[in-house]
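What follows is calculated from the coordinates using simple rules that are stated; it is not laboratory data. These numbers come from a predicted model, not from an experiment. FYI the Cβ positions are ideal-geometry reconstructions off the backbone, even for glycines, and counts take in every protein chain you see.
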Amino acid sequence: MSSGANITYASRKRRKPVQKTVKPIPAEGIKSNPSKRHRDRLNTELDRLASLLPFPQDVINKLDKLSVLRLSVSYLRAKSFFDVALKSTPADRNGGQDQCRAQIRDWQDLQEGEFLLQALNGFVLVVTADALVFYASSTIQDYLGFQQSDVIHQSVYELIHTEDRAEFQRQLHWALNPDSAQGVDEAHGPPQAAVYYTPDQLPPENASFMERCFRCRLRCPLDNSSGFLAMDFQGRLKYLHGQNKKGKDGALLPPQLALFAIATPLQPPSILEIRTKNFIFRTKHKLDFTPIGCDAKGQLILGYTEVELCTRGSGYQFIHAADMLHCAESHIRMIKTGESGMTVFRLFAKHSRWRWVQSNARLIYRNGRPDYIIATQRPLTDEEGREHLQKRSTSLPFMFATGEAVLYEISSPFSPIMDP
């Protein structure tokens, strides 16, 4: 979580990847700690459970234990919903439901679902009546910067601007009139308890007033200056089957309504944003900018493996010498304000190539203290990079990496670092 001014917003929950090793079983006759054996068995089961989750391996490697359990519960609930939904799907006139399913399986190799998500100018979001994110498509990362695994089965209010939380809660209610006693806490978001309805209290699913179209601001640690992105939500309330929730008396609750919607940016993307959307990558750093993580896209663009990036010390080793002071200035600004702002510089790729990138780095807090840095990078063309270089404003008369400063005896404005 990232917190400021007693307001809670979502932040990335991934941790530093740890190389998992299989621990040897002690030989017979050698005593071992029962608590340690229990922990080892538990960790083994959690590793096995994590390997079954439908996420890329690089995402699974960065999940902590609570995240593995959270995502496992979410997956089982989603599977239960689709089991009921598919059973209730009527067959066609020729009774070809089984044939249709077989055809869908044949088309899985084409990843049609992924193509449909990429074609959307937005992402799919399903939110339950008690404001939990039941499902978010993987494309949420392209718009908000959060991994799919970061937001699933979390409170949606952690993503929403405090001024828009009450409106979002109103849209979740079938009559647009939630119980006033269930007000949204501005600091933490979710109400104290959810209100459940019986079937005779709810309207039919196909009623026209179940449709929803509204706007709100979502947390976005990408390249917008405010930290939020205005989104347009279009969808409708539908019954969420197969959840098998129980009330306080232990009785099984009937299916409740949930918001099924597509969230699209209020401002249409430019041609440049459309072209570069699939090339945005993210890196994770210590507070001194030492790399400790990189997503799959970053590894593809730069050519390094995550191990190669994270074992070379300071991240400044990958930055062009003429851009180091510019990046250091942004680094200092981020430590003071929490965000670096737009910074354009050159990164050294693996095959002796310099890649221009536009970067925005943010501090991620844990327990109210800075914990690590997440940098979002967008590759630029050489022409775009040179254009930014020409526009770069600096109070320094010369680039200190070019030799001109030495020629004209210009000293660095930064205080020297004294050796102990």
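Below are the figures for this structure:
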| item | result |
| --- | --- |
| Packing-based exposure ordering (other Cβ within 10 Å, fewest first) of T381, T283, T198 | T198, T381, T283 |
| Using θ = phi - 60° and Karplus 6.51 cos²θ - 1.76 cosθ + 1.60, couplings along segment 121-131 (whole Hz; Gly, Pro as x) | 8, x, 9, 8, 9, 10, 10, 6, 5, 8, 6 |
| Long-range HN-HN contacts of D371 with modeled amide H, under 5 Å | I364, Y365, R366 |
| Order by protection proxy (mean Cβ within 10 Å, highest first), peptides 144-156, 205-217 | 144-156, 205-217 |
| Segments 239-250, 128-139 sorted - mean Cβ within 10 Å per residue, highest first | 128-139, 239-250 |
| FRET efficiency estimate (nearest 0.05) - Cβ-Cβ, E387 to F115, R0 41 angstrom | 0.75 |
| Distant-in-sequence amide H partners of G293 (H built 1.01 Å from N, under 5 Å) | K284 |
| Förster radius 60 Å - calculated FRET efficiency between A251 and K286, Cβ distance, rounded to 0.05 | 0.70 |
| For segment 53-70, Karplus couplings with θ = phi - 60° (6.51, -1.76, 1.60), whole Hz, Gly/Pro x | 5, x, 10, x, 4, 5, 6, 4, 5, 9, 8, 7, 5, 5, 5, 4, 5, 4 |
| Karplus-derived HN-Hα couplings along segment 320-330 (A = 6.51, B = -1.76, C = 1.60, θ = phi - 60°), whole Hz, x at Gly and Pro | 4, 4, 6, 9, 5, 5, 4, 5, 5, 4, 5 |
